[in-house]
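Working notes, beginning with the structure itself.
The values are calculated or read from the model by the stated rules, or taken from the named source; none is laboratory data. Given the structure is predicted, the values throughout are model-derived calculations rather than measurements. Using ideal geometry, Cβ is built from the backbone for each residue, glycine included, and neighbour counts are taken over all protein chains shown.
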Amino acid sequence: MIYYTIYLLLIVFVSIFLKKKELFLNYSGDDHQSFSNVGNIPLTGGIFLVLPIVFFYSNNLFLVPFLIATFLIGFFSDRKILVSAKIRFFFQIFLIILFVIIFDLKILSSRIDLFDIMLSNKFFAYFFSSFCLLILINGSNFIDGLNGLLISYSLIVIYKLGNLGLINDQIIFDQYFYLILSLFVVLLLLNISNILMMGDSGAYLIGFFLGFVIINSHVSNVGVSPYFYISLIWYPCFENLFSILRKLSRKFSPLSPDSKHLHQLVFFFIKKKLGLSIIFSNNLSSAIIIFFNFLIIHICSLNPSSTVFQLKLIICSVIFYISGYFLLKRFYKLNFIVKK
């Protein structure tokens, strides 16, 4: 425990040093960055995250290479070595499919008879699990556009699973559970203070780790509705799916970045209405989104075994998202595009 405390303190001091020395900086001036951040912040969150995560699973010789590989895809993206989104996505697909097959990760039941028949086919089950992981990993990267949004969301999900007793030693050892939470808290505080950012390396790794925990928890707790787990991670997944459909409808590449995600529209609304600085608008926007998602996660945890309850909650969440999105988009068009 003393060594881990020292490591957490090192994260703080090294992060402050790197920012002061302007190393591992993030800002490239792309349009999708300029909404919520105009400063150079070190992209080191993934580096600080991968070391303890790999240590915690060092006894699992099959899992560790996948954790490192997921981190490296994002790291090379952060360093502008792996620039092409198509190539990154290809590497992700290859890695995730291989991971799902080796670990035999399959969604056991959807509680829909026809779909369960399809899931009984091994190849379809592998495809579906791979699809879900890819959506979560890239959705995690999408919502990382505001300070603290991804980290706090993941922190809430993991804590809630542990609090409900849905994480066993095969997923996270008891002695490591609160160590992981404390690591997330430290990274969260540094992130909202604009001292470090998670970057693609951190976002991909968190999404991969969260997916690993979610699927294994589902397999280990057959009495819990599969839609409970969807309720837990609905936001990053729906953000990704909605973004893909939105871009395709406008004949844009789904892999190209833009500044029309929900969290970016919330940021613009807050900054325009309240006239706050970028950092305060950023953090407040993140806090608002996290508050509503915390309510959803808390409500879904009240009845984890009920599929009907979870489906109603998911539908309400999606309707609320879509309604809020188009209202905010209309505000954006009236106050930004027209004036431009």
- line: Within region 1-47, of all residues that are under 18 Å from Phe75 (Cβ atoms) and in contact with a Gly (Cβ under 7 Å, 6 or more places away or on another chain), the one modelled with the lowest pLDDT is Tyr27
message: Looking at region 164-171, can you tell me whether even one residue there is part of a helix (DSSP H, G or I) and of a type outside the set (Ser, Thr, Tyr)?
response: no
message: Considering only residues that are among the aliphatic types (A, V, I, L, M) and either within 27 Å of Ser249 (Cα to Cα) or buried (at least 22 other Cβ atoms within 10 Å of the Cβ) (or both), which ones fall in region 271-289?
response: Ile289
- prompt: Residues Ser277, Ser323, Ser286: which one is out of contact with any helix residue (DSSP H, G or I) (no Cβ under 7 Å at 6 or more places or on another chain), closer than 22 Å to Pro236 by Cβ and not hydrophobic (A, V, I, L, M, F, W, C)?
  reply: Ser323
- request: Looking at (1) surrounded by fewer than 17 Cβ atoms within 10 Å (Cβ to Cβ); (2) under 25 Å from Leu313 (Cα atoms), find the lone condition where Ser182 falls short.
  value: (2)
field: Enumeration of residues in region 152-175 that are closer than 20 Å to Leu205 by Cα and modelled with pLDDT under 90
entry: Gln170, Ile171, Ile172, Phe173
query: Out of all the residues in region 75-100, which are under 28 Å from Ser220 (Cβ atoms) and in contact with a Phe, Trp or Tyr (Cβ under 6 Å, 6 or more places away or on another chain)?
result: Phe99, Val100
query: Which one is farthest from Ile97 (Cα to Cα), of the residues in region 52-66 that are of a type in the set (A, V, I, L, M) and free of Cβ contacts under 8 Å to residues at least 24 places away in the same chain?
result: Val54
message: Criterion first (surrounded by 13 or more Cβ atoms within 10 Å (Cβ to Cβ), at pLDDT 95 or above, within 21 Å of the chain's Cα centre (by Cα) and farther than 18 Å from Pro257 by Cβ) does Phe71 satisfy it?
response: yes
task: Answer yes if at least one residue in region 48-65 is touching a Lys or Arg at 6+ places or on another chain (Cβ under 9 Å) and closer than 26 Å to Leu150 by Cβ, and no otherwise.
output: no
message: Restricting to region 269-308, and then to whatever is in contact (Cβ under 8 Å) with a residue 40 or more places away in the chain and outside any helix (DSSP H, G or I), can you tell me which residue is nearest to Ile143 (Cα to Cα)?
response: Ser301
query: What are the residues in region 74-87 that are touching a residue at least 60 places away in the same chain (Cβ under 8 Å) and under 19 Å from the mean Cα position of the chain (by Cα), if any?
result: Gly74, Phe75, Ser77, Asp78, Ala85
- prompt: Considering region 146-198 alone, what residues qualify as being over 18 Å from the mean Cα position of the chain (by Cα) and charged (D, E, K, R)?
  reply: Asp169, Asp174
message: Here is a check on your reading of the model: is Leu161 assigned to a helix (DSSP H, G or I), touching a Leu at 6+ places or on another chain (Cβ under 9 Å) and in contact (Cβ under 8 Å) with a residue 12 or more places away in the chain?
response: yes
query: So which residues in region 198-230 are assigned to a helix (DSSP H, G or I), polar (S, T, N, Q) and crowded, with 22+ Cβ neighbours inside 10 Å?
result: Ser201, Ser217
- prompt: Assuming Asn163 fulfils every condition listed in (1) closer than 20 Å to Ile290 by Cα; (2) buried (at least 22 other Cβ atoms within 10 Å of the Cβ) apart from one, which condition is it?
  reply: (2)
